[in-house]
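Down below is the structure, laid out as structure tokens.
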Protein chains: 2
Amino acid sequence: MRTSRLLQLRGVLHTRSSCRGNSVLSQEPSGPKMQTQIPGPKSKQFMHDLEKTQNALSTIFVLDVEKSIGNYAVDIDGNIMLDVYEQIASLALGYNHPAIQKVFQNPANLSQLVNRPALGVHPTPQFIKQINETLLPIAPKGLEHVQPMMCGSCSNENAFKAMCIWHANKHRDGKAFSEEELKSSMHNKSPGCPTVSIMSFEGGFHGRTFGALACTHSKPIHKLDIPSFDWPAAPFPRYKYPLEENQRENAKEDERCLARVEELFHAYKSKNNPVVGVVVEPIQSEGGDFHGSPAFFQRLQKITKQNDAALLIDEVQTGLGATGKFWAHEHFNLPESPDIVTFSKKFQTGGYFAKAEYQPKQPYRIFNTWMGEPAKMLVLDAVLKTVKQENLIESTRKTGDVLLAGLKDLSKRYPQLILNTRGRGTFCAFDMTNASVRDKYLVQMRNAGIQMGACGDIAVRFRPALVFTEKHANIVLDKMNEVAKSF
Amino acid sequence: MRTSRLLQLRGVLHTRSSCRGNSVLSQEPSGPKMQTQIPGPKSKQFMHDLEKTQNALSTIFVLDVEKSIGNYAVDIDGNIMLDVYEQIASLALGYNHPAIQKVFQNPANLSQLVNRPALGVHPTPQFIKQINETLLPIAPKGLEHVQPMMCGSCSNENAFKAMCIWHANKHRDGKAFSEEELKSSMHNKSPGCPTVSIMSFEGGFHGRTFGALACTHSKPIHKLDIPSFDWPAAPFPRYKYPLEENQRENAKEDERCLARVEELFHAYKSKNNPVVGVVVEPIQSEGGDFHGSPAFFQRLQKITKQNDAALLIDEVQTGLGATGKFWAHEHFNLPESPDIVTFSKKFQTGGYFAKAEYQPKQPYRIFNTWMGEPAKMLVLDAVLKTVKQENLIESTRKTGDVLLAGLKDLSKRYPQLILNTRGRGTFCAFDMTNASVRDKYLVQMRNAGIQMGACGDIAVRFRPALVFTEKHANIVLDKMNEVAKSF
């Protein structure tokens, strides 16, 4: 009895250094526990320090990485928050997971951690093995080529380039580059640097570097004052909820968006700026958690193909299980695989999977100094093994059902406050009345011990780790209820 | 005697796991030792494997990271090569340096290695300390703001954005964004996304993502088929060597280039595409190791300022000591500091230093999920401490003198083969008669145990680590002589 009581305490207590098993959950505290308002006085002091060298206005609190564990983020003031945002959706296994600790504790990994190679010229046997044994097994069906990269933006930028090169290659019809192409390219001019475009969607987000930003349309503040490309943006469906009561109207919304996609293909072809590829998120995330139906994506793929363009699905935020499937686009039953799929965030590194035809024939066209990173692949391998061993995608699907049912229930109780509940897996969201209500609600939730994320103008998004369980969902739902009551 | 003999053997022998001191040199082999041609049969097998999933035509050999040590890269076939290219100039301390090993072996670092935070929203106290105590002490004079990033391309892309925002902000004169700006930005249109440009130089290299690529003009293969911006590229000096015999002509070359810079400023202003910033490498590296004189850079800074534009010096390849100064632009005695300086490669992470006025006033304008990485800052801190403790910049300057003198000597002996020797510190280069001779020479050097890098059409570049000493320089010079003899 004493032993079991001790073990129980040990589970409740925060035991950082224990690595005797992969279960990070046994090390978690029993629930959130707040000491101060967020940000607390110590966070404020550090934020003040940070402001001396950079714009720190986006800082929410200063993180205590040593004390954070599993689903719980601990800040430097000792506040313990249940974190359903997980570093902008980028931690697959939560904080301080033993499986990832072991990567860094294993002396056999030391050389891979210490020496960051230029993989494009000097790959390592370990990295080649990682490509084959870590990346390939998770490749979307039919996409057998993989290009490792570093972050979401550079994954998208390089996937855009791969689409442009694929398009030009097809139309060059096996011919060598012309003298005119070679010369004009060095001055950013056509035909070497042709006028071609990538279609994206209003409300979409694909990153903030110049190419990615030209396809990002979530908020003006990301784009203002930065020159861009004349690339078309089509509307992305804005459904009425609940879906089951608005089927006819939502099907019409799909029609409207797809009709505009077709129009834009034709319009940009007419003005000699043909669309070579379409980039789309399976769920528009940063833009406000907007969903498209399987029918929408199926027809988008068909239209894209008819127009001689490539379909790139950006799974930077959706990939690796949070929607209840490994890749979110698996929910769409596409007749064939998309042409390219980009990934990052939970993968801790970036890259893209592609059909063989999207691989340039010449070297150095998709290239940079690092081309990925072996150290990150070690982490990814540990993540993927844990996801498999602990069946975390299946459990995320089940937890998601509980979470979404709970949100729907709250929406019924607070119909003036919590609207349009939606989601796949734990990748859930709801809208609030307006931005100021939403922002106020998030602050109060945070002060009640739940760290959530905003997206779009009025939405709240859930991006918990894959170790988020029904128990955690219930803690969040209870707190949501408490805070909603006070509104 | 026995002990000393054993110790000597130990120095010659490759002792990977020894960490009893920071001197990586004591663990090095006594010289290159080749077993096969490059790539050897095992490398070829791995390259064949790699080709199944990606274009592997840029692969030179497959690296054995466990056996590589100090200045010596060992490949998977057991070939020991003296490496003067060091993973495209990205390893400051060579392979398996004990100081970097300790970063990963220190249990106190574990949480920082395991948990990659979204630093823009949840920085850690350790990261804020690293900014203040690791990054700020190396800031170019007058650049007290620092924006951590991840790689060279995203550092440049974000520095470009900072220049565009700075320019717009100045002309907005404190006014809020207009309704028209907000709306038009969401469709990539002016005035929200204005037509403004960044001037770069012919032969320059700043990365391969869309914005960076628009400023890259080193080789057509990087740019072909990728849409670009109408941004101006000015000529960068192409000097006659030896410099001391061609002073008048080279001064004229500066004039020619700077006159064109001024012309382009005016031309792009006239066509309502004003230049908001100029990006330049202190030494054009990828493009062929072309140098500009201090006078060129001083006048470039003056002209840029007169034209209401920002001067960004891209030190991604030159930063961190290889030229014999911490920042290469310190060689130019600029009357004031440049406005922005970007860094990456040897830093193992990226970012930029900037004057305070280049920091956007609003959050989320320079932002991404990761915004740098604490794990990499731990490595950088170890690198910088080692550089200081072992006085590596001073020793690099001295080694560089020996190397350059040796190259000049070889150039006299082989005036038909080794031309235009030039360099600062160990950041040295020479030209060869043509590309096919250069490529053949590099292959033979590699097979003789010296791994060097090509750049531009006909150049060979030296990019050794900072632990490259006179002893290593002499090994390289001797092999260069041997191989040159056979031509």
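The values are calculated or read from the model by the stated rules, or taken from the named source; none is laboratory data. Computed from a predicted structure; not experimentally measured. No Cβ is skipped: glycine too gets one built from the backbone with ideal geometry, and neighbour counts run over all protein chains shown.
Some values worked out for this structure:
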| read-out | value |
| --- | --- |
| Flag for residue B:147 being touching a residue at least 12 places away in the same chain (Cβ under 8 Å) and farther than 27 Å from residue A:366 by Cβ | no |
| Sole residue being touching a Cys at 6+ places or on another chain (Cβ under 9 Å), crowded, with 18+ Cβ neighbours inside 10 Å and either farther than 17 Å from residue B:122 by Cβ or not small (Gly, Ala, Ser) (or both), chosen from A:101, A:54, A:27, A:87 | A:101 |
| Residue satisfying condition, being assigned by TED's automatic domain parsing to the domain that holds residue B:262, under 15 Å from residue B:425 (Cβ atoms) and small (Gly, Ala, Ser), within set B:321, B:372, B:351 | B:321 |
| Residue under evaluation residue A:37, criteria (1) at the interface with chain B (Cβ under 7 Å from one of its Cβ atoms); (2) in contact (Cβ under 8 Å) with a residue 40 or more places away in the chain, criterion not met | (1) |
| Pick from region B:203-223, criterion part of a loop (DSSP other than H, G, I, E, B), out of contact with any helix residue (DSSP H, G or I) (no Cβ under 7 Å at 6 or more places or on another chain) and over 27 Å from residue B:408 (Cβ atoms), ranking: nearest to the other protein chains (Cβ to nearest Cβ) | B:217 |
| Flag if residue A:258 is hydrophobic (A, V, I, L, M, F, W, C) and outside any helix (DSSP H, G or I) | no |
| Filter result for residue B:278 (in contact (Cβ under 8 Å) with a residue 60 or more places away in the chain, within 13 Å of chain A (Cβ to nearest Cβ) and buried (at least 17 other Cβ atoms within 10 Å of the Cβ)) | no |
| Single condition residue B:487 does not satisfy, out of (1) surrounded by fewer than 23 Cβ atoms within 10 Å (Cβ to Cβ); (2) more than 24 Å from residue B:90 (Cα to Cα); (3) at pLDDT 95 or above | (3) |
| Of residues in region B:224-250 being polar (S, T, N, Q) and free of Cβ contacts under 8 Å to residues at least 24 places away in the same chain, the one nearest to the other protein chains (Cβ to nearest Cβ) | B:228 |
| Region A:149-187 - residue that is under 18 Å from the mean Cα position of the chain (by Cα), facing chain B (nearest Cβ under 8 Å) and not small (Gly, Ala, Ser) and, of those, surrounded by the most Cβ atoms within 10 Å (Cβ to Cβ) | A:157 |
| Filter result for residue B:176 (in contact with a Leu (Cβ under 6 Å, 6 or more places away or on another chain) and among the small types (Gly, Ala, Ser)) | no |
| Some residue of region B:398-406 being outside any helix (DSSP H, G or I) and out of contact with any Leu (no Cβ under 8 Å at 6 or more places or on another chain) | no |
| Pairs, first closer than 9 Å to residue B:206 by Cβ in region B:152-163, second charged (D, E, K, R), C-beta under 7 Å, six or more apart | B:152/B:345; B:153/B:208; B:156/B:314 |
| Which numbered condition residue A:435 misses (of (1) in contact (Cβ under 8 Å) with a residue 24 or more places away in the chain; (2) hydrophobic (A, V, I, L, M, F, W, C); (3) surrounded by fewer than 24 Cβ atoms within 10 Å (Cβ to Cβ)) | (1) |
| Any hit, region B:184-195, residues being closer than 30 Å to residue A:452 by Cα and of a type in the set (D, E, K, R) | no |
| Test set (1) surrounded by fewer than 20 Cβ atoms within 10 Å (Cβ to Cβ); (2) assigned to a loop (DSSP other than H, G, I, E, B) - residue A:226 fails condition number | (1) |
| Every residue from region A:264-286 that is more than 14 Å from residue A:315 (Cβ to Cβ), out of contact with any Ser or Thr (no Cβ under 6 Å at 6 or more places or on another chain) and of a type in the set (Ser, Thr, Tyr) | A:270 |
| Residue within region B:395-403 that is within 17 Å of residue B:243 (Cβ to Cβ) and free of Cβ contacts under 8 Å to residues at least 12 places away in the same chain present | yes |
| Subset of region A:21-72 (residues that are polar (S, T, N, Q) and within 26 Å of the chain's Cα centre (by Cα)) | A:22, A:23, A:54, A:55, A:58, A:59, A:68, A:71 |
| Which listed residue, of B:260, B:256, is surrounded by fewer than 19 Cβ atoms within 10 Å (Cβ to Cβ), within 17 Å of residue B:204 (Cβ to Cβ) and in contact with a Pro (Cβ under 6 Å, 6 or more places away or on another chain) | B:260 |
| The lone exception for residue B:190 - which of (1) within 8 Å of chain A (Cβ to nearest Cβ); (2) part of a loop (DSSP other than H, G, I, E, B); (3) polar (S, T, N, Q) it fails | (1) |
| Condition check for residue B:457: in a helix (DSSP H, G or I), in the same structural domain as residue B:72 (by TED's automatic domain parsing), acidic (Asp, Glu) and modelled with pLDDT of 95 or more | no |
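Yes or no, residue by residue, for (1) in contact with a Ser or Thr (Cβ under 7 Å, 6 or more places away or on another chain); (2) aromatic (Phe, Trp, Tyr); (3) within 13 Å of residue A:187 (Cα to Cα); (4) not assigned by TED's automatic domain parsing to the domain that holds residue B:341:
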| position | (1), (2), (3), (4) |
| --- | --- |
| B:191 | yes, no, no, no |
| B:196 | no, no, no, no |
| B:200 | no, no, yes, no |
| B:204 | yes, no, yes, no |
| B:211 | yes, no, no, no |
| B:218 | no, no, yes, no |
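Conditions tested, residue by residue: (1) within 22 Å of residue A:351 (Cβ to Cβ); (2) of a type in the set (S, T, N, Q).
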{"site": "A:105", "(1), (2)": "no, yes"}
{"site": "A:112", "(1), (2)": "yes, yes"}
{"site": "A:141", "(1), (2)": "yes, no"}
{"site": "A:168", "(1), (2)": "no, no"}
{"site": "A:176", "(1), (2)": "no, no"}
